[in-house]
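Take a look at the structure set out below.
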Amino acid sequence: MALEHRAFLYRGTDDFLSATVPFLTSGLERDEAVLAVVREPNLSALRDVFPSADPPIQFIDAAGFYRHPVHTLRDYQTVVTASAPRKVCAVAEPVWQGWDERRTREWIRYESLINAVFENSGARALCSYDTRTLPPRILTEARRTHPLLLDGGLTRSSDHYVDPVTFGSGFDRGRRPERPDTAEYLPVDGDDLHPLRTFVSERAHKHGLTGQQTQNLVTAADEVAANALRHGTPPVGLWMWQTGDDLICEIGDGGRWRPGPSPLTGYIPPDSALQRGFGLWTVRLLVDLMELRTDRNGTFVTLYSRL
Amino acid sequence: MHWAREVPGPAYPERTTEMDRQAMETPWLAKRPVSALRPGDHGWLAYSGLEERDRVIGPFVREGLETTEKVVYVTDAPPDRLPGLGSGHRIDVDAHRRTGALRVISLRDACLDRHGDFEPARMVDTLGREVGEAFDQGFRAVRITTDHSWLVNGPRRSDLGQVLGCEHRVGDTVSPSTMAMAICQIDRRACSPAELIALRDTHEVLVEVNPEFDDGILKIVRTFEPDGLRVEGELDAARHAVFAEQLSQVNTGRGRVHLDFSRLAFIDLGGLHLLAKHATLRPGGEPLVLDHLSPHVENVIEMVGWHRLPGLVRGGDEGPRPGSGGVG
C-alpha cells in the first residue's frame, strides 16, 4: 500500500488542532497504530484532546525524537515494523531550530527520503510546519519533499514535489568544507588500519569528544578508509581538523567512487548487515553528519562530530 | 633435591601474566597458554573433553621432548596413547624413554602404597626424585603432568583432603623451582563444582590451549565449553580472513557456537557483516551466540539493531564464562 505523505502548513495551535485531531481520530477508527511526534505546546494540546484514547495514542516529544536524521528515520522504521500488520498513522513535527546549514540540508534530505523508505508501508504521515515561525526556505523545501500539501483546510498534490533520487543528487553537488593548512594528515597505505584508529582516537580525545563519540568516530573512519582502500584509487589519506563546534575527519582517495547499486544506497536503512550499503548507512548512524563528495581531486568522505 | 637450584643463563624469557575475568576474581590465578608455561609454574587444567586435553597436554609433552627437556608423565596409560605421543606425531617414544627424556611412571610406582591406595607423600617423593635426576642428567627443565580424575572419582577415589594436601606440597616445591613445571589435569565432570574449585585453588596458573592466532592486535583462542572462540583485541579488515578461517573451523559441528567478546575492544562493520554471513551458513540454523560483549561492541550492535544481524544472538553477560577458569 502506498505511503500518504502530507505536509501540513499551519498557523498557530488552533489551526494545528483543526487538522491533526480529525486525522488522529481517523487513525483510531481505522485501528491503525497512532502516534504524535510533535513539539510543545502542540504536544500538550493534543494530549488534552485525547486524555484517555483507547486504544492509546503514542505521544512523543519531537525535541527528543528529532536529534539526528539517520536515527530518526531508523526509529520511524522501527515503529512501522513493530506495528505491522497494522498501518501507522502519524502526526509529525520536525525540529528546524538549532541546526547549521549543513545539518539543515541533511534534515531536508531525510524528509525527502521518507518517500522512498516507507513507499509501500501504507503509512499515513501528516508533517506539520508552523508557517508563522519557520523560515520561508523550510516551507519551500517542504513543498518539494512532500507529494501532498494540506493548506487552508484543503489537501492537494504539490506542484513542486521532487522524487527522492533526483532531490538527493542535487544535494551531493555541494562544496566540501574548506580544509585548513593546519589539518593533521595521515597517509593511509597498506591494509592494516590499526595505526589509523590510533591516530583518529588520539585526536578525537585531544579535541574533547566523549569516549562514546570517539569510539563511534573511530569505527566510522575505519569503515570509510577500508572502503577507500578497497574501491578507491591511491593515494588514500585522512585529515582531521576543527571548525567551529565540529571536529572534522575527512578521508579521500584519487578515484571517483559512487555508492551503488542505487543512488539511495547507504541512505535507506538496510534490512540486514548482509545488504549492500550497510557499512555506509552505519557510518551515517555513528557520526553527527557524513558527506560524500566527488570532484576532480577524487572522492572525499567528510565525517562531522559535534564537540 | 634440586627443585630450586640455579641453572646457568636464562632458559626462558621474561613472561607477562595475563589477567582475565576469572583471574580478577581469584587474583592469585594467572592464565597462560600452554606454550607460555615456565619453570616454577604449578598449572591446572580442568578439561571438558579429550580434544581440549590433547590440545594442551600434547604441546606440553611434545615441546619438552623437542627442546630436550625432561617429561615426566604419571599414568597407567600406555605411552603411545598419551597426548602428543600417539600415531600421527613424529616422536620416537622408545628412543626418548631410553635416553631418560621421557619418563612414563605408573601410579603404582609413583604414588600408591602396598594396598594400592593413594599415598601423597610418595607422589611428592617421586616427583622430587625425578627432578633431581633430571638435573644430574643435564636437562634444563622438567615437565611433569598427571591426571587426577581417578583420585576424585571411581573405585580408588581418595579423600579430597589428602588430594588437596598433596597438591599443596607439590605446589610448594614446584613454585620456587627454576627447573620444574607441572600441569595437573582433571576431567571437569569427574567431581562436583565445589571440589573442582577447591582443587583449582591449590594452583597458581590456569593452563589453556595455545591461541589459534595472535599478531599482537587480534588474538583468537579456541574454547571448548561452550564450543567456540574467544576473540581478543581488535578485529578489522586486515584480519577478516584469519577470523573467518577460524570461525569456519568451529562452525562445522551441531549445536551453538559461542564467541566470547569480553576482551574484544574493536570490531569493524565488515566484521559484523562477516559474523552475520557465517551465522546464516550455520548447519541446522543454530545461531552464533555472542557472550560478554565489551561496551564498544555492544554499542555498535545496539545502534544498528540486533535484527539487522540475522543469526546472531546475545549470550551471557555475567560471571566467568564456563570453561574459561577451570570450573563448570
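Observations
- Approximate spin-label separation A:Arg156-A:Asn120, in nm, with each point projected 7 Å along Cα-to-Cβ: 3.3
- Label-point gap, in nm, between A:Arg256 and A:Thr198 - each point 7 angstrom along Cα→Cβ: 3.8
- Trypsin sites (Lys or Arg not before Pro), loop per DSSP, at most 10 other Cβ atoms within 10 Å - longest free stretch of chain B: B:115-253
- DSSP beta bridges fully contained in chain B are about 20 percent antiparallel.
- The HN-Hα couplings worked out from phi for the range B:240-249 by the Karplus form 6.51 cos²θ - 1.76 cosθ + 1.60 (θ = phi - 60°) are 4, 4, 5, 5, 4, 4, 5, 5, 5, 5 Hz, whole numbers, x standing for Gly and Pro.
- Calculated on the alpha-carbon coordinates, the convex hull of the range B:181-261 measures out at 129 cubic angstrom per residue.
- Estimated translational diffusion coefficient (Stokes-Einstein, Kirkwood radius over Cα pairs, 10 °C, 1.306 mPa s) of the range B:92-180: 112 µm² per second.
- Within the listed set A:Arg284, A:Arg175, A:Arg86, the Gaussian network model of chain A (springs between alpha-carbon atoms below 10 Å) gives the highest mean-square fluctuation for A:Arg175.
- Under-5 Å amide H pairs with B:Gly315, H placed in peptide plane, nonlocal only: B:Leu290, B:Asp291, B:His292
- In this structure, A:Arg230 and A:Asp172 have a Cβ-Cβ separation that, at R0 = 22 Å, corresponds to a calculated FRET efficiency of about 0.55.
- Largest-first principal axis extents, alpha carbons of the range B:213-314, Å: 32, 29, 22
- Near the amide H of B:Asp227, within less than 5 Å, lie the amide hydrogens of B:His258, all on another chain or at least 5 residues away, with H placed in the peptide plane.
- Here A:Arg296 and B:Arg256 are evaluated by their C-beta separation; at R0 = 51 Å the FRET efficiency comes out at 0.45.
- Extension gain for the segment B:Trp306 to B:Ser192, taken as residue separation times 0.36 nm less the Cα-Cα distance, is 37.3 nm to one decimal.
- For chain B, the ratio of Cα radius of gyration to the globular rule of thumb 2.2 N^0.38 Å stands at 1.07.
- Given +1 at the Cβ of Lys and Arg, -1 at the Cβ of Asp and Glu and no other charges, the dipole of chain B around its Cα centre is 540 debye to the nearest 20.
- Value of Rg to Rh for the protein assembly as shown (Rh from inverse mean 1/r over Cα pairs, i.e. Kirkwood): 1.13
- If you count Lys pairs in the protein assembly as shown whose Cα atoms are under 30 Å apart, skipping same-chain pairs closer than 8 places in sequence, the total is 4.
- Electrostatic dipole magnitude of the range B:21-208 [Cβ: Lys, Arg +1; Asp, Glu -1; Cα centre; debye, to 20]: 240
- ³J(HN,Hα) computed for each position of the range A:258-275 - Karplus, 6.51 cos²θ - 1.76 cosθ + 1.60, integer Hz, glycine/proline x: 10, x, x, x, 10, x, 9, 4, x, 9, 7, x, x, 5, 8, 5, 7, 7
- Per-residue Cβ neighbour rank within 10 angstrom, fewest leading, A:Ser18, B:Ser177, B:Ser48: A:Ser18, B:Ser48, B:Ser177
- All other residues whose Cβ lies under 13 angstrom from that of B:Asp125 are scored, Lys and Arg at +1 and Asp and Glu at -1, for a net of -2.
- Cβ-defined net charge surrounding A:Asn227, 11 Å radius [Lys, Arg +1; Asp, Glu -1]: -3
- Length added when fully stretched, B:Ser294-B:Asp214, from 0.36 nm per residue minus Cα-Cα: 26.9 nm
- Taking amide hydrogens as placed 1.01 Å from N in the peptide plane, the amide H of A:Leu289 sits under 5 Å from those of A:Tyr304, each at least 5 positions away in sequence or on another chain.
- Ascending count of other beta-carbon atoms within 10 Å, so fewest first, for B:Cys184, A:Cys127: A:Cys127, B:Cys184
- A simple rule links phi to the HN-Hα coupling: the Karplus curve 6.51 cos²θ - 1.76 cosθ + 1.60 with θ = phi - 60°, which for the range B:310-317 gives x, x, 9, 10, 7, x, x, 10 Hz, with x for Gly and Pro.
- Of the three principal axes defined by the Cα atoms of the range A:4-171, the extents in descending order read 44, 35, 30 Å.
- The distance between label points at A:Met1 and A:Val165 comes to 2.7 nm (points 7 Å beyond Cα on the Cα→Cβ vector).
- Treating r as the C-beta distance of A:Glu101 and A:Asp48 and R0 as 25 Å, the FRET efficiency rounds to 0.10.
- DSSP-defined antiparallel bridges as percent of all bridges, the range B:213-314, nearest 5: 40
- Dipole of chain B [Lys/Arg +1, Asp/Glu -1 at C-beta], most positive-end residue of B:Gly132, B:His258, B:Pro155: B:Pro155
- Extension reserve of the A:Thr140-A:Thr182 stretch, reckoned as 0.36 nm per residue once the Cα distance is removed: 11.3 nm
FYI, it's all coordinate maths here, none of it is from the lab. Please read these numbers as outputs of a predicted model, since none were measured by experiment. Quick reminder, even Gly has a Cβ in these numbers, built from the backbone with ideal geometry, and neighbours come from all protein chains shown.
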